[in-house]
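Read-outs throughout are calculated quantities, based only on the coordinates presented, and are distinct from any laboratory measurement. Treat the numbers as computed from the prediction; the structure is a model and nothing was measured. So basically every Cβ, Gly included, is an ideal-geometry build from the backbone, and we count neighbours across all protein chains shown.
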Amino acid sequence: MTKQTILNDAHRRAGARMVDFGGWDMPLNYGSQIDEHHQVRRDAGMFDVSHMTVVDLHGAQARALLHRLVANSVDKLKKPGRALYTCMLDADGGVIDDLIVYYLAGDHYRIVVNAATRDKDMAWITAQAAPFAVEVRERRELAMIAVQGPTARARVIGLLADGDRERITALAKFAAADAVTADGHALFVARTGYTGEDGFELIVPEADAVALWEALLAAGVVPAGLGARDTLRLEAGMALYGQDMDESVSPYEAALAWTVSLDGGRAFNGRAALERQKRDGAPRQMVGLVMDDKGVLRHGHKVLTPLGDGEILSGTFSPTLGRAIAFARVPMGDLGTGADAGVRVDIRGREVPVRVVKFPFVRDGQPQAGI
């Protein structure tokens with residue numbers, strides 16, 4: 001049976017086109033997907049991300065558990081309120097899921113994992129936590145709304161109680177804090193997101209989610225669906241679990257080497273496999289592609305390179321750039337960049353030339369140089 005978030009009725013009242021996404025009934029768009037995309041890039045849009053899984057970890061050895069559980073080092077989280085993006089790996093270095101870790105207090109951490117991986121993630125985390133005597137608590141009673149765009153922070157801050165506005169205004173990127181709205185509702189405010197724009201992800205009790213959604217609407221924040229979220233995240237060079245990475249892929253093969261910390265001797269899951277890849281080189285790499293011809297690059301398209309064949313992972317038409325962009329996984333080696341790399345994509349039997357580029361494709365709402 002398809003699950004529904006607490007905001008499902010609100011989406012339907014707004015005329016959303018609903019689709020099944022990882023077993024959840026979610027809004028694909030509310031009208032023009034391209035308009036929603038531009039709204040986030042130019043102003044502020046909001047996404048119902050209540051299908052995501054919020055998990056709290058409690059226990060004296062919570063940090064020791066995270067040393068084992070994730071590839072990045074939570075020792076980077078020096079003060080409560082800081083956050084870290086990382087991956088959970090299996091023993092072979094494959095990505096079980098990507099997630100964000102929040103350090104809330106001495107023995108209290110919060111992690112947010114993907115919706116489609118909820119069951120396997122919960123089973124994995126619970127099994128890993130047992131030797132550390134850490135309580136794993138899934139927070140099903142919470143909802144989450146992402147508010148993203150150049151004016152997103154100001155619009156959210158305008159809804160807060162006077163005593164919290166200055167403090168939340170000063171919140172650094174990848175940091176979080178508790179706050180209260182002007183009408184007395186508590187919320188967890190994280191300066192994180194999945195669009196490449198500034199903004200907040202707001203975690204609230206389900207009982208308060210509809211009121212918050214309506215308050216954001218009244219403040220001029222426009223709803224956006226999964227379609228815009230996908231084009232925004234791809235432009236921003238952000239990978240999607242299940243499409244750009246999974247258990248068959250290491251962080252080095254998913255352009256996520258920056259999320260791996262091999263210092264300090266932590267015996268995290270998959271470390272030995274990653275050390276081998278770092279020493280010997282990963283067999284594959286993820287690259288960015290831009291197609292100047294008409295058409296759209298799609299998942300599964302064959303990619304032909306001088307190093308061997310690969311395939312398109314995520315591909316879409318970029319509303320900001322006005323052309324097709326994609327991630328591709330290809331054999332490891334020096335491809336170079338631009339059209340001179342000699343890379344082509346097989347689209348229904350036609351070999352179309354593409355340019356190899358460094359991603360993100362778009363930063364701070366603007367195309368990157370050379371793209």
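Tell me, in nm to one decimal, what length is gained between ALA154 and GLN366 on full extension, where the rule is 0.36 nm per residue of separation less the Cα-Cα distance? Kindly include the intermediate steps, with their values, before the conclusion.
Working: separation 212, 0.36 × 212 = 76.32 nm, distance 2.06 nm.
Length gained between ALA154 and GLN366: 74.3 nm.
Please work out the FRET efficiency for the pair ALA211 and ALA172, using the Cβ-Cβ distance as r and a Förster radius of 41 Å; give the result to the nearest 0.05.
Using R0 = 41 Å, I get an efficiency of 0.90.
What is the distance, in nm, between label points placed 7 Å from the Cα along the Cα-to-Cβ direction at ASP92 and at ARG139?
Taking the two extended label points, one gets 3.4 nm.
Along the positive direction of the dipole of the chain (beta-carbon charges: Lys, Arg +1; Asp, Glu -1; about the Cα centre), which of TYR252, LEU217, ASN269 reaches farthest?
The listed residue farthest towards the positive side: TYR252.
How large is Rg over Rh for the stretch 283-371, taking Rg from the Cα atoms and Rh as the Kirkwood inverse mean of 1/r across Cα pairs? Mind showing how you got there, number by number?
On the way: Rg = 11.9 Å, Rh = 12.8 Å.
Reported Rg/Rh, Kirkwood definition of Rh: 0.93.
Taking a spot 7 Å from the Cα of ASP107 along the direction of its beta carbon, which residues of the stretch 62-90 have an amide N less than 12 Å from it?
62-63
Identify the residues of the stretch 142-156 with backbone N under 20 Å of a label point that sits 7 angstrom from the Cα of ARG13 along the Cα-to-Cβ direction, or state none.
Those under the cut-off are 143-147.
Identify which of GLY45, GLY281, GLY196 has the largest mean-square fluctuation in a Gaussian network model of the chain, with springs joining Cα atoms closer than 10 Å.
Comparing GLY45, GLY281, GLY196 in the GNM, the peak value goes to GLY281.
Please list the radius of gyration and Dmax for the stretch 1-143, considering alpha-carbon atoms only, with Å as the unit.
Calculated on Cα positions, Rg and Dmax stand at 17.4, 50 Å.
With helices defined as uninterrupted DSSP H runs, which ones in the chain have an alpha carbon span along their own long axis of at least 18 Å and mean Kyte-Doolittle hydropathy of at least -1.0? If you can, show how the numbers build up before the last one.
On the way: long enough: 206-218 (19 Å, 1.02).
Flagged H segments are 206-218.
So between MET122 and ALA219, what do we pick up on full extension, going 0.36 nm a residue minus the alpha carbon distance?
Details: separation 97, 0.36 × 97 = 34.92 nm, distance 3.62 nm.
Answer, rounded to one decimal: 31.3 nm.
Can you match P(r) over Cα pairs in 10 Å bins from 0, in percent to one of these, (1) 5, 23, 32, 27, 12, 2, 0; (2) 4, 13, 13, 12, 11, 10, 9, 7, 6, 5, 4, 2, 1, 1, 1, 0, 0, 0; (3) 6, 25, 34, 24, 7, 3, 1, 0, based on a calculation from the structure here?
Recomputing P(r) over Cα pairs in 10 Å bins from 0, in percent here picks out (1).
Shape verdict for the stretch 78-199, please, from the Cα gyration tensor: rounded (a/c under 1.5), prolate (a/b greater than b/c) or oblate.
The shape class here is prolate.
Can you give the log10 of the normalised intensity I(q)/I(0) at q = 0.21 Å⁻¹, computed with Debye over equal Cα scatterers of the stretch 230-276?
At q = 0.21 Å⁻¹ the computed log10 ratios are -0.78.
Compute, for the stretch 283-371, the length of the dipole vector about the Cα centre, with Cβ point charges of +1 (Lys, Arg) and -1 (Asp, Glu) only. Units Debye, rounded to 20.
Working: 12 positive and 9 negative charges, 43 e Å.
Magnitude of the dipole: close to 200 debye.
What fraction of the DSSP beta bridges in the chain is antiparallel, stated in percent and rounded to the nearest 5? Provide the component values of the computation, followed by the final result.
Working: 81 of 85 bridges.
Roughly 95 percent of the beta bridges in the chain run antiparallel, per DSSP.
Considering the dipole of the chain built from charges on the beta carbon (Lys and Arg +1, Asp and Glu -1) around the Cα centre, which of LEU84, VAL156, ILE203 is farthest to its positive end?
Toward the positive end, the furthest listed residue is LEU84.
Given a Förster distance of 41 Å, report the FRET efficiency between ASP334 and ALA186 from their Cβ-Cβ distance, rounded to the nearest 0.05.
On the way: r = 52 Å, r/R0 = 1.27.
Efficiency computed from Cβ-Cβ geometry: 0.20.
Where in the stretch 280-309 does the amide nitrogen come within less than 17 Å of the point 7 Å from the Cα of ARG348, taken along Cα to Cβ?
Counting only backbone N, you get 293-302.
Using the Kirkwood radius over C-alpha pairs as Rh, can you work out the diffusion coefficient of the stretch 148-283 via Stokes-Einstein at 10 °C, viscosity 1.306 mPa s, in µm² per second? Could the numbers behind the result be given before it?
Numbers: Rh = 17.6 Å.
The calculation lands on 90 µm²/s.
Pairs of alpha-carbon atoms within less than 8 angstrom and 6+ residues apart define the contacts here; what relative contact order does the chain have, in percent?
Values: 849 pairs, mean separation 64.0, N = 371.
Result for the chain is 17 percent.
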